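Take a look at the structure set out below.
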Amino acid sequence: MSLEAVAQSLPALVDLPFREGYVTSIIYVSLYVSVVAVTLSTLFSIPVALAMGFTDFPGKQFVKSVINTGMGFPSVVVGLLVLFTVSNQGPLGELELIFTREAMIISQFVLATPPITAISLAAITGVSDNVREAARALGGTRLDVALVVIKEARYGIGTAVLAGFGRAISEVGSVLIVGGNITSSQGISKTRTLTTAIQLEARQGQYETAMILGAVLVAIVLVVNGIVVRIGDTGPMDR
Amino acid sequence: MIRLSKVTHAYGDVPVIEDVSLSVDPGEVVGIIGPSGVGKTTLLRILALFVRPRDGTVELDGESVWSVEEGERLALRRRIGMVFQESSLFDATVARNVEYGLRVRQGWTDRLREQLRSIAGRNGSWDAVDEALDLVGLEDKVDQSARSLSGGEAQRVSFARALAYEPTYLMLDEPTSDLDPRNTGLIEEAIQEARDRGIGVVVATHDMHQAERIADRVGVLLGDGLTEIGPTETIFENPTDERTRKFISGELVY
């Protein structure tokens, strides 16, 4: 099922205080930006966490500190830095990304990467040395040992990805700065997400709309947290 | 034959194994006895080609293990199994654990095919897995989670896991130290069965009675190396080394 179809099916709303297609387009943009950002972030973070978990190198503790600091990095500052990067005078100015979903993806990527890397790293380093040794003793190559470790850490890695998604979709500061909270003249979201829409509607006194959007956002976050809790428990066994 | 010649090893500046020479043939059980902390585990890890000793040579069927390329060494290492003192089962079913050694010996295409079959819910079964589990009396646990096993069962699965790919040599590090008499008896029976199949087994143990029960030859590892190695009866009845005699009789306490 496509993201658009998911977004269409989410709000079963009647007599809404806003135009048709407004909420679904906002949900779509929110999900699209967060899913793409978190996918890219995962593809980047897991190899980094594996490399750090399997090797010792000078400055490893420093890199860990940078990642941990990144977890608490203020999102508005990230938004500001991405804005400078994609603005006309910035290094990516020629790509004309300012106030686009792509710019929002970049800022969410920056925000989601530290938690995904840090939690994955904790999960990978938490795998017992005995398990690594056993894989080697049974004839495994280095790659086999790495695969065993990923498999043992699968619940932790899953939690990391979903935690990154939770941070991305709940974020308001940076997407407001780099996305601009824009809709088309028909009121369809271009770069407006659930969080930025809530902020705007509340500021304009449209509390009913803000509450509905808030409920949708909370529902999405609850579902994601439910999945995190679920995979944190014992996962399915495979033979 | 695995042969260690004048092997010495140390962790940092602390010597652990000094000047040890030892050989193990297929189809025999060699017991390594000695008090805790004298380097039994290190000796086993050297025999399993896990650890490169600081000095001395390690040969497997005449091949100097640490002089060959890594790929060749992997092939040599795959002829040796090792069971650790602490349970090290993977978080998967018993079957998945026991077949691991067989799977890593497959090519990537076959492994991918197996994986796809597994995802599709059609799991192949390995005769060697059933046979190895049968040997340790756990054939009925094949689809059970490894996490749900008792300590004794987990150790027996570890043993089956090392046997399934039919190694030529098997290193067992205190395999029964935390087990009850029933599980100990089952492991000891499995060791005898492995020997009967032509596998050379080395068992490091602090339990002298166990060594006396199961080993064809016994080596005594004391603080400064292997003081004596010989037929089990000779070591226990008529040791030539004075420290060995004191250790066997309980006069030499560490």
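Inspect region A:223-236 for any residue being buried (at least 20 other Cβ atoms within 10 Å of the Cβ) and either of a type in the set (A, V, I, L, M) or facing another protein chain (nearest Cβ under 10 Å) (or both) and give the result as yes or no. Looking for residues that are buried (at least 20 other Cβ atoms within 10 Å of the Cβ) and either of a type in the set (A, V, I, L, M) or facing another protein chain (nearest Cβ under 10 Å) (or both), one finds none in region A:223-236, hence no. For region B:227-238, what are the residues that are buried (at least 16 other Cβ atoms within 10 Å of the Cβ) and either closer than 28 Å to B:E189 by Cβ or in contact with a Pro (Cβ under 7 Å, 6 or more places away or on another chain) (or both)? Correct list: B:E228, B:I229, B:G230, B:T232, B:I235, B:F236.
Quick one: would you say B:E174 is at pLDDT 90 or above and either aromatic (F, W, Y) or at positive phi (or both)?
yes
With a cut-off of at least 1 residues that are at pLDDT below 95, more than 22 Å from A:G214 (Cα to Cα) and of a type in the set (D, E, K, R), name the helices (runs of 4 or more DSSP H) lying wholly within region A:1-109.
The qualifying helices (runs of 4 or more DSSP H) are A:60-71.
Of the residues making up region B:84-106, those that are more than 8 Å from chain A (Cβ to nearest Cβ), outside any helix (DSSP H, G or I) and under 24 Å from B:A190 (Cα atoms) are B:Q85, B:E99.
Residues of region B:130-147 that are under 19 Å from B:E166 (Cα atoms), within 14 Å of chain A (Cβ to nearest Cβ), touching a residue at least 24 places away in the same chain (Cβ under 8 Å) and among the charged types (D, E, K, R): none at all. When restricted to residues that are free of Cβ contacts under 8 Å to residues at least 60 places away in the same chain and either in contact with a Pro (Cβ under 8 Å, 6 or more places away or on another chain) or part of a helix (DSSP H, G or I) (or both), region B:148-188 contains 12. For B:L44, the requirement of being farther than 21 Å from B:A215 by Cβ and surrounded by 23 or more Cβ atoms within 10 Å (Cβ to Cβ) is not met. Is it the case that B:D196 is farther than 9 Å from B:G31 by Cβ, charged (D, E, K, R) and surrounded by fewer than 17 Cβ atoms within 10 Å (Cβ to Cβ)? Yes; evaluated as a whole, the condition is true for this residue.
Candidates A:A163, A:A146: the one that is surrounded by fewer than 19 Cβ atoms within 10 Å (Cβ to Cβ) and more than 10 Å from every other protein chain (Cβ to nearest Cβ) is A:A146. Screening the candidates B:T205, B:T168 for the property of being away from chain A (no Cβ under 14 Å) and either closer than 24 Å to B:P35 by Cα or among the polar types (S, T, N, Q) (or both) yields one hit, B:T205.
Each residue in region A:119-130 was checked for being in a helix (DSSP H, G or I) and surrounded by fewer than 20 Cβ atoms within 10 Å (Cβ to Cβ), and 4 of them qualify. For region B:63-83, filtering for residues that are touching a residue at least 60 places away in the same chain (Cβ under 8 Å) and either among the basic types (K, R) or more than 14 Å from chain A (Cβ to nearest Cβ) (or both) leaves 2. Note on region B:226-240: residues that are under 20 Å from the mean Cα position of the chain (by Cα) and assigned to a strand (DSSP E or B) amount to 4.
The values are calculated or read from the model by the stated rules, or taken from the named source; none is laboratory data. Note that this is a predicted model, so its numbers are computed, not measured. Every residue, glycine as well, gets a Cβ built from its backbone with ideal geometry; the counts of neighbours run over all protein chains shown.
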